[in-house]
Amino acid sequence: MLFRNDGFISNCRLKENVVLFRHQFLMMLQRVFTVLFCGLLFTSCEFFQKKELTTDVVIDTIIDYNSIDTFPLFPNCDSIPSQEKQKICSQIKLSEHIYASLSDYKIVTSKQVNDTILIRLKIDNNGKSTLTNVRSSEFIKQVIPNLDSLINSGIKNLPLLKPAIKRGMPVATELALPIVVKN
């Protein structure tokens, strides 16, 4: 007699199908995790980089030391509205002051003089003026040997000037002022 158990065979086949399904499911999960892991590797580099916060602040660091915003001004010239006219006024007042200080001295020459000298003045950030250089010809140096000291004493008597302004701050400047010497 042959005993046949159809339930046992179908149960075995069911177990085989479950094992086979589980194996396929695990293989599929393994592939999904592999793909996700590779994707994570390719994109994860951005997560580890230090992110810098950028603020767009523009700072003007270029400073032109050869130019100033406002010229050093003689006391009465600051009420003039135009900066160019203020500059001309200050140059005229400085020249007049130097001419007036030289006219206090009796300069006598044996020769006819008609020459220009160049005076360099330094005006500090407080408005105090000092003579830095007097450039004159050899003829002037021979005819008027003490001219440098006379000009220096006139510069010492200058009133305090309003100093030059650069970016809202008073700054020291150096001026070149031509003076005509004529008798």
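Every number in this text was worked out from the coordinates using simple rules, so none of it is lab data. Note that the structure is a prediction, hence the values are computed from the model and not measured. Cβ atoms come from the backbone with ideal geometry, glycine included; neighbour counts cover every protein chain shown.
Using only the Cα atoms of the stretch 75-182, build the gyration tensor, take square roots of its eigenvalues as a ≥ b ≥ c, and label the shape rounded, prolate or oblate: rounded if a/c is under 1.5, else prolate if a/b is larger than b/c, else oblate. Since a/c reaches 1.5 and a/b is larger than b/c, the shape of the stretch 75-182 is classed as prolate.
Anything over 28 Å Cα to Cα? Flag those among K93/K141; K93/K166; K85/K141; K87/K141; K87/K182, in the order listed. Exceeds cut-off: K85/K141; K87/K141. Using a cut-off of 10 Å between beta-carbons, work out the net charge of the residues near R120 (Lys and Arg +1, Asp and Glu -1, R120 not included). Overall, the nearby charge balance is +1.
Remark: the stretch 162-178, residue by residue, has Karplus-estimated 3J(HN,Hα) of 7, x, 5, 10, 10, 6, x, 10, x, 10, 7, 9, 10, 10, 10, 10, x Hz, where x stands for each Gly or Pro and the curve is 6.51 cos²θ - 1.76 cosθ + 1.60 at θ = phi - 60°. Close amide H contacts of T132 (hydrogens built in the peptide plane, cut-off under 5 Å, sequence separation of 5 or more or a different chain): R120, L121, K122.
Please report the relative contact order for the stretch 75-182, taking Cα pairs under 8 Å with a sequence separation of at least 6, and give it as a percent rounded to a whole number.
36 percent
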